[in-house]
Every structure is written in structure tokens, then in C-alpha cells.
1. Evaluate the range 131-148: report whether one residue or more is buried (at least 20 other Cβ atoms within 10 Å of the Cβ), touching a residue at least 60 places away in the same chain (Cβ under 8 Å), polar (S, T, N, Q) and closer than 30 Å to ALA225 by Cα.
2. Identify the residue in the range 261-270 that is in contact with a strand residue (DSSP E or B) (Cβ under 8 Å, 6 or more places away or on another chain) and closer than 19 Å to ASN175 by Cβ and, among all such residues, is surrounded by the fewest Cβ atoms within 10 Å (Cβ to Cβ).
3. With the checklist (1) in contact with a strand residue (DSSP E or B) (Cβ under 9 Å, 6 or more places away or on another chain); (2) under 15 Å from VAL298 (Cα atoms) in hand, flag the one item LEU90 doesn't pass.
4. What's the number of the only condition in (1) assigned to a loop (DSSP other than H, G, I, E, B); (2) in the same structural domain as PRO320 (by TED's automatic domain parsing) that LEU131 fails to meet?
5. Select from the range 293-310 the residues that are at pLDDT 95 or above and within 16 Å of LYS155 (Cα to Cα) and write down the one among them that is farthest from the chain's Cα centre (by Cα).
6. Being surrounded by fewer than 18 Cβ atoms within 10 Å (Cβ to Cβ) and among the hydrophobic types (A, V, I, L, M, F, W, C) is the requirement here; does ALA166 meet it?
7. Quick check on ALA85: is it part of a helix (DSSP H, G or I), modelled with pLDDT of 95 or more and over 21 Å from LYS291 (Cα atoms)?
8. Could you list, in sequence order, the residues of the range 258-270 that are part of a helix (DSSP H, G or I) and small (Gly, Ala, Ser)?
Amino acid sequence: MIGRREFITLLSGATAASCASWPLAVRAQQQAIPVVGYLSPTSLAMIPGRLRGFRQGLKEAGYVEGENLAVDYRWAEGEYDRLRAQALELVRRQVSVIVTGANAGTLAAKAATTTIPIVFILAEDPVQLGLVASVARPGGNATGINFVSGELAAKRLELLRELVPAATRVAVLVNPADATAMESTLRGLETAARAIGLNLQILKASTSQDIHAAFAAIVRERSDALFVGSDPFFTSRRVQLATLSARHAIPLFSQAREAVEAGGLMSYGADIADGFRQAGVYAGRILKGAKPADLPVVQSSRYELVINAETARILGLTVPPSLLAIADEVIE
């Protein structure tokens, strides 16, 4: 027979053993939930619409953050030189998929891993960037959404000329921190500008101070309008850009609707929030077993024209009926 003292000892040992097993069980449960790495060159506060789109796409694929999925967010806050280290952190954590926007973040992720799947959202041609073998069959560990933004340069300048017919000189703001995107933007715009007789003033900015300096140059050179490149940094600084444009009465054109919502004059470009939704869908498909090599790059086909009619009135501009008729949204 087991005495009372021995029974208590056995009971205490069993309880201790059971308690010791709890953390292991909890860890096993946590490991069963996939983790997606989200690498962004901007900040959380700057892209709420895009983040909502990404989460919607995950939901469509059957994943809800906090329920059956975890997301590890890394924000570079506009400091692109941080992206490489952040990508390596996600690789060390062994996330299941890395989702990243813009050239700099995607190239950082690609340099950090050749095995972890990458879903990108890009305005540049991923084949030319060396990210995929082809649009139809990427062939490696990366695939995603492509906006082919550079091909819209001529259309954007035509819209600008239609809304500001007196414009002869247009300032173009680009970010030298992403040389590939900068060169692509300028190449497309310079060709289009020559075709319709516009002169361009090229300005570079990668900090808030640079933006202030750029506006000083615009005022000094008397440019008639400002065209902002597609770099995410400018989207993150849209309030500053819109405020300075209003202060100096300079019509602001952008590829991102967020700039127009902040007070800019007009935007024409891909529906970027929908692109992030599609990226969420792709991330979900990969979590379910699809291979990036077999998922064709999605060529974005949804473009939107957004006009801020209130800004036009403040600038003394009349929005032509032809533009109002084709606008996807007019902000009053």
C-alpha cells in the first residue's frame, strides 16, 4: 500500500509534470498558426486603405489575422536603408510568406531569401528587375501584383494638360532612394512631355526637408504644376505635399488617390488598395500550398481617375465636363 506521505508526493510530482507540459502545448498551438511577414517602406499610419485591402484579400482566402493567422509587421518609416535588416529579421523568424510593396522592399526580401515565398506589389516590371523569369511563369520564390505604372505616363500628362491647359512647365518630384523607380518614371515622362510640348523640371526628395527645398525650387522656377512620382515615400508625405501645394497655389498631380484625398488636384493610376487585396489573396493561396513559381504575376487592370473639385475651385480652375464624365470619383 501507498502511505499518505507517498501519495501526496506522487500527486505533487504528477501536477508538476502536467504544469511543465503546458508551455509546450501552448507553443505547439502557436506554431500551428502560420505567420506572414509584412515588409513596408512606409509606416502604419500612412497606408490604412492598403492595409485594409491586404486583410480583405487574406479573408477571401480563408485567413483572419488574430484567429488563424499572425502577421509580423516591419515598417521602414521612409528610411529605405532599414529594409534589408528588416527582411533578414523576417527570414530569421522563418515566416511562411513575405508580402512587400515597392521596389526597395521587394529587392531587400529577394536578397534575404531564395526559399521563403515572396508576394510583391510593384509599379515596375518584375522581369526587368530580375525578380521573376516571366510574368506567366515566375519560376522562383516570388510573384505578385504589377501596376505597370510607367506605361501610363503619357495618359497622365494628357490629363494634366486637359485640366491645366495653360501649363507649359511641369515640375516632377522623384525619390533618389529608389533609383530604378526614379529612372523609370523619368524615362516615361520625358518621352511623353516631348510629344505634347511640355518642359519638365526634375526635382529629387527623400526627406521632409527635401520636399520643402523642392517647393522652393518650383516657386523660383515658376513651374505651372507638380507631378509626384509613384514612390511610397510621397504617399506617406501626402499631407505635407498637399499643404505646400495649396500654400503656393501649385496644382498637384499624383499616381495615388490618397494625395488627392489629402488636398491634391488629380490622380490617375492603378487601384492600389485592390492590388494589396490581390496580394492578400495570393499570400493565402501560398499558405494553402500553392507555389510562387506557378502563380502568374497579376497585371493590374483597374485604374481610377480621382479629381478634387474643391481644390480646383481654390486654384481657379474649371474641371472640363469631359474629365468629369470619365472620373471615377470627384471630391467636392
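The values are calculated or read from the model by the stated rules, or taken from the named source; none is laboratory data. Quick caveat, the model's predicted, so the values are computed rather than measured. Glycine also receives a Cβ, built like all others from the backbone with ideal geometry; neighbour counts cover every protein chain displayed.
1. Yes, the conditions are met somewhere in the range 131-148.
2. Among them, the one singled out is GLY269.
3. (2)
4. For LEU131, the failing item is (2).
5. Out of the qualifying residues, it is ILE307.
6. Judged against the criteria, ALA166 is a match.
7. yes
8. ALA259
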